[in-house]
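Here is the structure we will look at, set down as structure tokens.
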Amino acid sequence: MAYGIEFVLLGMESQSYIYYGMPVRDRMYHSLVYLKECQIFVAYQKKVKV
């Protein structure tokens, strides 16, 4: 939200054939993001010594 306005970004991709490996690629991207979040959480926990 900026200046009292909510923004929505919508993206779309067109493919001429079905790529069955996409769910695996998508899962990998989400797993890497989750791993980074876990690393940040562990670093924070070490910093505050909880």
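Each value in this text was obtained by applying a stated rule to the coordinates, not by laboratory testing. All figures in this text were calculated on a predicted structure; none of them were measured in a lab. Cβ coordinates were reconstructed from backbone atoms using ideal geometry, including for glycine residues, and neighbour counts include every protein chain displayed.
The packing ranking, built from the mean of other Cβ atoms within 10 Å per residue, places the peptides 9-19, 32-42 in the order 32-42, 9-19, highest first. Residue by residue, segment 25-31 carries 3J(HN,Hα) couplings of 5, 4, 4, 5, 4, 5, 5 Hz when phi is fed to the Karplus relation 6.51 cos²θ - 1.76 cosθ + 1.60 (θ = phi - 60°); x denotes Gly or Pro.
One quarter of the convex hull surface built on the alpha carbon atoms of the chain amounts to 6.4 nm², the projected area averaged over directions.
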